[in-house]
Structure formats: C-alpha cells, structure tokens
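The values are calculated or read from the model by the stated rules, or taken from the named source; none is laboratory data. Just so we're clear, the structure is a prediction, and the values are computed from it rather than from any experiment. Every residue, glycine as well, gets a Cβ built from its backbone with ideal geometry; the counts of neighbours run over all protein chains shown. Accessible surface is based on the protein model in full, side chains and every heavy atom, while ligands, DNA and RNA are left aside. Shrake-Rupley method; radii C 1.70, N 1.55, O 1.52, S 1.80 Å.
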Amino acid sequence: MRREMDELFGEIGGWAPGARGAFSPSVDVYYVADPPRAVVRAELAGIKAAEIELEIRGRELILAGHRRPQDSAEDRLYQQLEIGHGPFRRVVALGADVDAEAARATYEDGMLTVELPIVAPAGSRTVPVQRADEAP
C-alpha cells in the first residue's frame, strides 16, 4: 500500500521513483523590500534554458519545461536511479500582486531566479452612503 501511495502522491521533496518519469523542481520563494519584489528560485539542474517556460497569471508563477536524459541508458544496469527526467509543470503561489511586464528571469548553474516587482496596492476610497430618498 505504501508503494501505491508513493506512486499516487509522490514523495515529499519532488520526484518519487516509479512516478512514471515526472518530477517537480524544488523552489524557494522570498520577498525583498528594496525595491519591493518577490523572488522565486528553482533548482533546474540539467535543463537547458530554452527548455524552460515561465508564465505569470495573477498571483501565480507557472514554471514548465522538460528535463531530458543526458544520453542513452540502454547499455546500463542501474543500481540506483533518483534523478528525475521528463516534463514538469509547477505552479508557485505568490503572496502579493506583481507586475508581470517588469518580471526578470536569469538562469545560471542550474538555478533559475525570477524577480517579480510587487505592485503597490491601490489606494482606498471612502464611499458615502445616502438614504434612497436623498439620492440625486
């Protein structure tokens, strides 16, 4: 039953052996005050920058891509196989509204860093309440 649960939900921390080739990259999300921005770092070792897709939808950053095996493994007999390969899609929830047009992404040494400027909240407005018989 444990094996079936692992295959269904995966192990904590990403890829689970037997998960049929899928994996989920690890991410860190933090906020910086000057200038105000959300920063998302994703561990994507072995993935070419051209294989990474980013999309911002409201308060979500969507990371997608594909990690391909380095070479043919036909002549190998593995004792241990833990590095996940295959397509991935990870939705990262953000705790603030961001400016999607001003987002920047850099990729170095297998680490993707996405900086998303935080949008200042709209100013509040007071709405006076009038009685129905006083409406203009």
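Within the accessible surface of the range 44-112, defined with a 1.4 Å probe on protein heavy atoms only, the carbon and sulfur portion equals 46 percent. Altogether, the Stokes-Einstein calculation at 4 °C and 1.567 mPa s, with the Kirkwood radius of the range 25-114 over Cα pairs as Rh, returns a diffusion coefficient of 89 µm²/s.
Between Asp97 and Ala49, the simple spin-label model (points 7 angstrom out along Cα→Cβ) gives 3.2 nm.
Distant-in-sequence amide contacts of Arg67, defined by a placed amide H-H separation under 5 Å and a gap of 5 or more residues or a different chain, comprise Gly86, Phe88.
Computing FRET efficiency as 1/(1 + (r/R0)^6) for Val119 and Gln79, where r is the C-beta to C-beta distance and R0 is 41 Å, gives about 0.20. Using C-alpha pairs under 8 Å with a sequence gap of at least 6, the mean separation divided by the residue count of the range 58-136 gives a relative contact order of 28 percent. One equal scatterer on each Cα of the range 81-136, no solvent, Debye formula: the resulting log10 I(q)/I(0) at q = 0.31 Å⁻¹ is -1.26.
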